[in-house]
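Visitor: Sending over a structure as structure tokens; questions will come in a sec.
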Amino acid sequence: MKSTIYLFKEKFWLTPAIFSILAIALSVGFFYVDLLLVERFKEFIPSILLTKVDLAKTIMGTLAGALLTMSTFTFSTILVVLTMYSAQFSPRALKNFVHDPVTWRVLGIFLGGFIYNTLSLLFMRDDLYTHDVLSTFVGIVIAFFCLGTFAYFIHYIATTVQVSKLIEVLIKDAEDVISYYEEFEEKCAVSEISDGLNPIGIIETVNAETSGYLQFMSFEKLLGHADKNGFEVDVLVCIGDYIYEGKPLMNIYRKEGQDYDVSGYYSIGGERSAEQDLPYALQKLVEIALRAISPGINDPNTANDIIVRIGRLLGKTAHIPHGELALANKEGQHIVKCSLPEFSGVLYKVYYQMAYYGKEDISVMHSMADSLKIVAELAPSEHHQAIWDIQTYILESLEGQQLKSKDQDFLQKKVDELAVATSQRSIQIGALARK
């Protein structure tokens, strides 16, 4: 069920379709109101709300044309913003705008207004009505609502295209993933394992029926289903892995006659999704930082802001489960085995590209040291060695590179502070530069 809901969330056309259906229902509903009820209750309806059929045709025809124009302009604006997101930020950030509910609700409202007025205009026939109608007033109210929505949409677009707003949205996405895994650890009784499960029974391998990325897996539902039906599951892939058709996804250990269908507990799609994929959520932030320090854009301050913010996210990431995990039922019996990315691997994937492309900009090197210091201050001491190893890896980019005295002193100070935070022996940057 969860997998089905997730797939519907990915269909951005669904919102405009719902608004269009509601507009059709509203138009048909007021057609019958005008036909059956208006004349009967005319004395209770203010005359200013009623119009003659000829005037209704004129007003609704004008409103339909105006709303169609607004819909066209809105769609054109969406395409312009999509182009800008791809060129200025990152192609991976497109999905954040495409799946923004505000965007498609606005388009749905305009389409609904156009459909209502067009259908109501179709129903306006002299041979049907011998009295005034109410549908025109409703169409005018909808038009005013669309006008207000249009003004809000312009303001929303002007805010959305700012890089600071996009960064906040992507950080919120990453925080949501971290919160998911914090709740996941509590609900599924997660524990780290080194030897894996030792199940018995018939082995059934679940293979992928299509190619794509593993976007989602409902671990809690899978654990409940396995516990209820008395089998154990060894998940062989990680969220975000590319899956080819026929690739083994899970091993099911069951007894004869047990129901082991697990097809409704995962989703494979054509692109990665940040809902459970923390490395992908962080990757989108990294890509914007890399684009900012590229020669074409040359905005290192934006990159530095992102790098420092990533440090806080990584500090929180250090507290969620990593590596091979076992999920237990209420009795403490291990039912499901799965794997999440190692913390050291997450650190490497965040910093390795920035270390390469940012080595020529000393401010980026400073920001990475600041970022790692924040990680060290927030992370458990068991991860300090991995944090220091990444700092050492980043500094290797400076081998043979001559730094100015103030740049070297300032960076050395930051590296020394990180060494203290991680209980490590510091590195002399001057010695690296002479290599």
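The values are calculated or read from the model by the stated rules, or taken from the named source; none is laboratory data. Bear in mind the structure is a predicted one, so any value in this text is a computation, not a measurement. Don't worry about glycine lacking a Cβ; one is built from the backbone with ideal geometry, like all the others, and counts go over all protein chains shown. SASA here: full protein model, heavy atoms, side chains in, ligands and nucleic acids out. Shrake-Rupley method; radii C 1.70, N 1.55, O 1.52, S 1.80 Å.
Visitor: Any idea which of (1) closer than 30 Å to Glu271 by Cβ; (2) at pLDDT 80 or above; (3) of a type in the set (Ser, Thr, Tyr) is the one Ser90 doesn't satisfy?
Guide: Of (1) closer than 30 Å to Glu271 by Cβ; (2) at pLDDT 80 or above; (3) of a type in the set (Ser, Thr, Tyr), only one is false for Ser90: (2).
Visitor: Tally the residues that are touching an Asp or Glu at 6+ places or on another chain (Cβ under 8 Å) and open to solvent by 30 Å² or more (accessible area, probe 1.4 Å), restricting the search to the stretch 15-46.
Guide: Residues that pass the stated criteria total 1.
Visitor: Check off (1) surrounded by fewer than 23 Cβ atoms within 10 Å (Cβ to Cβ); (2) in contact with a Phe, Trp or Tyr (Cβ under 8 Å, 6 or more places away or on another chain) for Thr317 and give me the number that stays unchecked.
Guide: If we test Thr317 against (1) surrounded by fewer than 23 Cβ atoms within 10 Å (Cβ to Cβ); (2) in contact with a Phe, Trp or Tyr (Cβ under 8 Å, 6 or more places away or on another chain), just (1) comes out false.
Visitor: Considering every residue within the stretch 249-261, establish whether at least one is at pLDDT below 85 and within 29 Å of the chain's Cα centre (by Cα).
Guide: Yes, there is a match, as at least one residue in the stretch 249-261 is at pLDDT below 85 and within 29 Å of the chain's Cα centre (by Cα).
Visitor: Then there's this: State which residue is farthest from the chain's Cα centre (by Cα) when the search covers only the stretch 93-134 and only residues that are among the polar types (S, T, N, Q), surrounded by 14 or more Cβ atoms within 10 Å (Cβ to Cβ) and at pLDDT below 85.
Guide: Top of the filtered list is Thr103.
Visitor: Just wondering, is there one or more residues in the stretch 344-367 that are touching a strand residue (DSSP E or B) at 6+ places or on another chain (Cβ under 9 Å) and under 19 Å from Ser191 (Cα atoms)?
Guide: Among the residues of the stretch 344-367, not one is touching a strand residue (DSSP E or B) at 6+ places or on another chain (Cβ under 9 Å) and under 19 Å from Ser191 (Cα atoms), which makes the answer no.
Visitor: What number of residues within the stretch 267-294 are open to solvent by 30 Å² or more (accessible area, probe 1.4 Å) and over 19 Å from Tyr352 (Cα atoms)?
Guide: Of the residues in that region, 5 qualify.
Visitor: Same structure, new question: If Asp370 meets every condition in (1) farther than 30 Å from Gly240 by Cα; (2) at pLDDT 90 or above; (3) among the acidic types (Asp, Glu) apart from one, which number is that one?
Guide: So the condition that Asp370 fails would be (1).
Visitor: When the stretch 349-375 is examined, which residues are found to be of a type in the set (A, V, I, L, M, F, W, C) and under 27 Å from the mean Cα position of the chain (by Cα)?
Guide: Val350, Met354, Ala355, Val364, Met368, Leu372, Ile374, Val375
Visitor: I'd like the residue in the stretch 135-153 that is touching a residue at least 40 places away in the same chain (Cβ under 8 Å) and more than 18 Å from Thr62 (Cβ to Cβ) and, out of all such residues, is nearest to the chain's Cα centre (by Cα).
Guide: Step by step, filter the stretch 135-153, then rank; the result is Phe153.
Visitor: Looking at (1) over 30 Å from Asp305 (Cα atoms); (2) open to solvent by 20 Å² or more (accessible area, probe 1.4 Å); (3) touching a Leu at 6+ places or on another chain (Cβ under 9 Å); (4) not aromatic (Phe, Trp, Tyr), which one does Val141 not meet, given that it meets all the others?
Guide: It is condition (3) that Val141 fails.
Visitor: Got a sec? Which helices (runs of 4 or more DSSP H) wholly within the stretch 328-435 have at least 2 residues that are open to solvent by 30 Å² or more (accessible area, probe 1.4 Å) and more than 30 Å from Met250 (Cα to Cα)?
Guide: Qualifying helices (runs of 4 or more DSSP H): 343-357, 362-378, 384-395, 405-421.
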